[in-house]
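These notes are about the structure you will find just below.
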Amino acid sequence: MTLKLELQVEEISHPEIHDPDSNAIVSALREIDNTDDSFVILSYSEMDYMQTDGYSLEYQEGDVEAHFYSPSGFQSPEYAAQFFLSYANPNSNWWRKSTQWIKGFAP
């Protein structure tokens with residue numbers, strides 16, 4: 001399965017990175033600036049991804065009925081990086097167990 005990293009900061013989309021390494025993921029998370037127009041998406045497909053906008057931390061599996069958010073939210077680039085790096089590793093389940101996930105979209 002191919003992993004893809006997308007970054008948009010203040011409505012400026014950066015080139016997608018296919019099979020990003022940990023440095024690319026951490027760098028993208030450090031670039032978002034907590035505005036409504038910034039986000040990072042790490043995806044395996046259009047419907048399977050983890051994302052943050054600098055406030056929320058969310059993931060989806062398969063369709064919008066399987067969309068979840070963490071009430072802990074983004075907190076910091078370093079905090080979010082732990083989840084993104086674990087999600088990027090298909091052998092890791094740490095991201096699932098390390099926060100509460102609530103079904104639905106972040107408020």
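The values are calculated or read from the model by the stated rules, or taken from the named source; none is laboratory data. This structure is a prediction, so every number in the text was calculated from the model and none was measured. When we count neighbours, we look across all protein chains shown, and the Cβ atoms used for this are built from the backbone with ideal geometry, even at glycine.
Among all residue pairs at least 6 apart or on different chains, which show Cβ distances below 9 Å where the first residue, located in segment 24-50, is under 24 Å from Glu65 (Cα atoms) and among the acidic types (Asp, Glu) and the second is at pLDDT 90 or above and in a strand (DSSP E or B)?
Correct list of pairs: Asp48/Tyr59; Asp48/Gln60; Asp48/Glu61.
How many residues does segment 65-89 contain that are of a type outside the set (S, T, N, Q) and more than 21 Å from Leu7 (Cα to Cα)?
Here the count works out to 3.
Which condition number does His67 fail, the rest of (1) at pLDDT 95 or above; (2) within 14 Å of the chain's Cα centre (by Cα); (3) within 19 Å of Pro20 (Cβ to Cβ) being met?
(3)
Can you name every residue in segment 87-105 that is assigned to a loop (DSSP other than H, G, I, E, B) and within 14 Å of Gln51 (Cα to Cα)?
Trp101, Gly104, Phe105
Does segment 52-61 include one or more residues that are over 13 Å from the mean Cα position of the chain (by Cα), more than 20 Å from Pro15 (Cβ to Cβ) and surrounded by fewer than 20 Cβ atoms within 10 Å (Cβ to Cβ)?
No: segment 52-61 contains no residue that is over 13 Å from the mean Cα position of the chain (by Cα), more than 20 Å from Pro15 (Cβ to Cβ) and surrounded by fewer than 20 Cβ atoms within 10 Å (Cβ to Cβ).
Which pairs have Cβ atoms under 6 Å, sit 6 or more apart or on different chains, and link a residue in segment 1-15 that is closer than 16 Å to Gln51 by Cα to one that is modelled with pLDDT under 75 and part of a strand (DSSP E or B)?
The qualifying pairs are His14/Leu7.
Give the residues of segment 63-86 that are small (Gly, Ala, Ser) and either part of a loop (DSSP other than H, G, I, E, B) or at positive phi (or both), sorted by residue number.
Ser70, Ser72, Gly73, Ser76
Please indicate, with yes or no, whether at least one residue in segment 18-36 is part of a strand (DSSP E or B) and surrounded by 12 or more Cβ atoms within 10 Å (Cβ to Cβ).
no
Where residues in segment 6-17 are surrounded by 12 or more Cβ atoms within 10 Å (Cβ to Cβ) and either closer than 22 Å to Gly73 by Cβ or of a type in the set (Gly, Ala, Ser) (or both), which of them is modelled with the highest pLDDT?
My answer is Glu6.
Go through (1) modelled with pLDDT of 90 or more; (2) farther than 20 Å from Thr99 by Cβ; (3) polar (S, T, N, Q) for Ser76 and report which single condition fails.
With respect to (1) modelled with pLDDT of 90 or more; (2) farther than 20 Å from Thr99 by Cβ; (3) polar (S, T, N, Q), Ser76 is out only on (2).
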